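What follows is one structure encoded as structure tokens, with my remarks underneath.
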Amino acid sequence: MNDTHVPAEGGLGKPLVVLTDVNKHFGDLHVLKDINLTVREGEVVVVIGPSGSGKSTLCRTINRLETFESGSITIHGTPLPEEGKELAKLRADVGMVFQGFHLFHHKTILDNVTLGPIKVRKMERKVAEEKAMALLKRVGVAEQAHKYPAQLSGGQQQRVAIARSLAMDPVVMLFDEPTSALDPEMINEVLDVMTQLAKSGMTMIVVTHEMGFARRAADRVVFMADGAIVEENTPEEFFTNPQSDRAKDFLGKILTH
Ligand SMILES: Nc1ncnc2c1ncn2[C@@H]1O[C@H](COP(=O)(O)OP(=O)(O)OP(=O)(O)O)[C@@H](O)[C@H]1O
Ligand SMILES: [Mg+2]
């Protein structure tokens with residue numbers, strides 16, 4: 001099987017997520033510095049960089065979990081909404097998967113996946129459940145549908161979290177270190193689901209230090225340091241021929257581990 005990511009037929013689509021000169025501070029800390037980033041339909045962008053470089057803040061800002069002070073962020077040409085119904089819709093359109101799985105612990109797996117479609121998308125329960133079961137099957141946890149999150153392994157819970165985001169039919173999926181809280185034997189089962197998702201044409205922004213995933217699934221690697229995008233390139237070029245000293249230094253550290 002050819003494991004290389006193939007962009008959607010006809011190549012990459014039109015700009016989907018566009019950040020223009022985005023700046024954000026936490027108090028005195030300039031945490032996002034003039035960020036310019038365009039992610040096209042069907043594109044898979046891996047974001048890497050040292051701890052504290054602003055990767056999580058970047059994701060949270062795109063999902064409007066964080067505000068920003070200047071610049072603009074648009075999704076399909078529309079600026080991020082400030083509040084209300086439009087904000088709820090944005091959160092549904094922009095799926096997010098975190099390091100911790102953030103499932104509702106008092107709800108079954110099936111209810112975790114159907115909740116958003118029923119409440120936000122106003123889907124009928126029966127339709128939502130059929131869709132949820134199909135998604136749980138796709139991520140390989142259909143047998144767990146009637147259990148509670150605590151009864152599942154970390155890898156299974158993270159796959160449920162992915163299914164839950166997909167149930168909202170997002171236009172783009174953000175992943176913030178989705179495998180870094182997992183035991184080693186569970187990392188691949190989650191990365192495999194993400195690789196399949198990438199191949200299916202989903203637009204994805206993925207913060208991860210999993211170089212294997214980046215090489216096989218990413219169209220582009222974006223390297224951040226100190227709140228700025230320092231360089232971006234194809235995975236092949238970035239890993240074999242990093243340009244900046246920051247990237248060389250960073251790769252030297254993670255690749256020898
Ligand atoms: N809510 C907050 N209030 C104040 N400072 C914050 C807040 N969240 C993050 N920061 C700071 O902003 C900077 C960027 O943090 P961020 O979490 O985005 O980095 P990161 O690249 O995701 O790091 P890591 O690899 O450790 O997850 C850090 O210096 C962090 O301490
Ligand atoms: Mg982070």
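Straight Cα distances below 15 angstrom link LYS107 to the aspartates and glutamates GLU129, with same-chain residues fewer than 8 positions distant left out. A simple count of charges around ILE118, restricted to other residues whose Cβ falls under 13 Å of its Cβ and scoring Lys, Arg +1 and Asp, Glu -1, yields +4. Computed over protein heavy atoms with a 1.4 Å probe, the accessible surface of the chain works out to 47 Å² per residue.
With unit charges on the beta carbon (Lys/Arg positive, Asp/Glu negative), name the residue among THR61, HIS106, LEU135 whose Cα is farthest towards the positive pole of the charge dipole of the chain. It is HIS106. Helix 184-199 axis versus longest C-alpha principal axis of the chain: approximately 90°, rounded to the nearest ten. Shown here for segment 38-121: GluC sites (Glu not before Pro) in loop regions (DSSP other than H, G, I, E, B) with at most 12 other Cβ atoms within 10 Å, namely GLU69, GLU82, GLU83. Could you state the number of Å between the C-alpha centres of segment 195-246 and segment 94-169? If you average the Cα positions of each part, the centres end up 27 Å apart. Taking square-rooted eigenvalues a ≥ b ≥ c of the alpha carbon gyration tensor, is segment 58-198 rounded, prolate or oblate, where a/c under 1.5 means rounded and, failing that, a/b exceeding b/c means prolate? It is oblate, given that a/c is not under 1.5 and a/b is not larger than b/c. Other residues with beta-carbon under 10 Å from the beta-carbon of PRO50 carry, at +1 per Lys or Arg and -1 per Asp or Glu, a net charge of +1.
Could you work out how far helix 84-93 tilts from the main Cα principal axis of the chain, as a 0 to 90 degree angle to the nearest 10? So the helix axis and the longest Cα principal axis differ by about 80 degrees. Relative to the longest principal axis of the Cα atoms of the chain, the long axis of helix 109-119 lies at roughly 80 degrees. With all protein chains in place and a 1.4 Å probe, the accessible surface of the chain carries 51 percent carbon and sulfur. Of the GluC sites (Glu not before Pro) found in segment 109-211, the ones in coil according to DSSP and having at most 14 other Cβ atoms within 10 Å of their Cβ are GLU124. Look at the Cα gyration tensor of segment 123-172: its axes a ≥ b ≥ c give a/c of at least 1.5 with a/b at or below b/c, and that counts as oblate. The magnitude of the dipole of segment 1-155, with charges of +1 and -1 set on the Cβ of Lys/Arg and Asp/Glu and taken from the Cα centre, is near 560 debye.
The values are calculated or read from the model by the stated rules, or taken from the named source; none is laboratory data. Everything numeric here is computed off the predicted structure, so don't read it as measured data. Reconstructed Cβ throughout: ideal geometry from the backbone, glycine too, with neighbour counts over all protein chains shown. Note: accessible area is taken over every heavy atom of the protein model, side chains too, but ligands, DNA and RNA are not part of it. Shrake-Rupley method; radii C 1.70, N 1.55, O 1.52, S 1.80 Å.
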